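Since the structure comes first, as structure tokens, the remarks are kept for the end.
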Amino acid sequence: MAEIVLGMGTTHGPLLATPPDAWDGRAEVDRNNPALAYRDGTYSFEELYETRKDKYFVDQNKIETRTEYHRRCQVALDGLGDIIEKAKPDITVIVGDDQHEWFQDAVQPSFAVYHGAEVTNFALDEETKNWHRQFGRGHSMMMNHPEKDQTYKVAGDLARHMIERSTEDEFDTASCGIQPMGDKGPRNIGHAYGFVVRRILRDNPMPILPVLINTYFPPNQPTAKRCYDYGRSLGRAIKSWDTKARVAVCASGGMSHFVIDEELDWRLIDALKGRDVKTLTTEPEYSFRSGNSEIKNWIITAGICAETDMEMTVHDYVPCYRSIAGTGSGMAFASWR
Ligand SMILES: [Fe+2]
């Protein structure tokens, strides 16, 4: 039977691959965003600044602080890479969100599992790189995608088993067997997967298994409770797979962004660590808007790990601010062992 041997959680925010002196480029995107989600409100950058202005954010944005925070993030990422390299799982399940990378407005499943035999991470052409550069994420896109196309094996048999078993558990998992097509051919793998494969699995992964969640786009994002229950179902599915395999699972994304809310992040990190299902599943849904929604990838992963006796360790939490209105990314790194 398959065994779940390791859980991991990693933020994948663009600042992780962006030199600290270039973080202001991403802050420009915040300045032009008319709908910054923060707690139960929605703000322009100026409104957010008026609401939150504090010397704390001025200090947090000093280049020395940014540089130290960036360093801490790299240490944490390297540490996660070392852990999985040492654990040598046969398969890594990556729980991420699809942000119109594979699925589009035509169809956006709440839950999808990819069961093709392989998946390709395509090199970016110059036009695409330039398109990302204007949003200050040129560095991160070059982190997430290789110089030359890379094809990775996918654990399709386990993926199909997870689709079947979760369906028996009354979850309507969308079944995705071919990398969806766009205007220029197959669509590239999403940022949530490219980041983990490149930065944590060092572009040389064991077979992977992408689980794609619509955390982001209304109207069919699954609730936090639904995510936790889905994770439990996936965990049971992995354990019931009639093949000897050591399986790792990795949550990709979070914590709060583009407006950092350290209180929210710590409330949910503590709940993830403490198996506090009530807190995880009763957090108001407005807390999971925008980038914050990716915390649901962690909730699913916590649900999977709840089917084991593994305990979560928080390796680091780093609030990487990029503006004096408190925008940026709350970066968290953890493992279940
Ligand atoms: Fe993301």
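What follows is calculated from the coordinates using simple rules that are stated; it is not laboratory data. Remember, predicted model here, so these are calculated numbers, not experimental data. Please note: Cβ atoms are built from the backbone with ideal geometry, for glycine as well, and neighbour counts cover all protein chains shown.
Numbers below:
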quantity: Lysines whose Cα lies under 17 Å from that of K273, excluding same-chain neighbours fewer than 8 positions away; calculated: K225, K296
quantity: Efficiency of FRET from Cβ geometry, D309 and E127, R₀ 45 Å, rounded to 0.05; calculated: 0.35
quantity: Estimated [θ] at 222 nm from DSSP helical runs (n ≥ 4, -39500 (n - 2.57)) normalised by residues in the chain, nearest 500; calculated: -11000 deg cm²/dmol
quantity: Candidate aspartates and glutamates for bridging to K129, where Cα separation is under 19 Å - those fewer than 8 sequence places away on the same chain excluded; calculated: D24, E28, E101, E147, D149, D183
quantity: Partners for K153 among aspartates and glutamates (Cα-Cα distance below 16 Å; same-chain residues under 8 apart left out); calculated: D90, E118, D203
quantity: Of all DSSP beta bridges in the chain, antiparallel share, percent nearest 5; calculated: 55
quantity: Low-density loop cleavage sites - trypsin sites (Lys or Arg not before Pro) in segment 81-185, where at most 13 other Cβ are within 10 Å (DSSP); calculated: K148, K184
quantity: Per-selection metrics, segment 2-336 (Cα): Rg and Dmax in Å; calculated: 18.7, 57
quantity: Charge dipole of segment 2-336 about the Cα centre (unit charges at C-beta), most positive-ward option of W131, W336, I213; calculated: W336
quantity: Cα centroid separation - segment 107-183 against segment 1-70, whole Å; calculated: 25
quantity: Centre separation in Å (Cα based) which lies between segment 89-106 and segment 238-278; calculated: 16
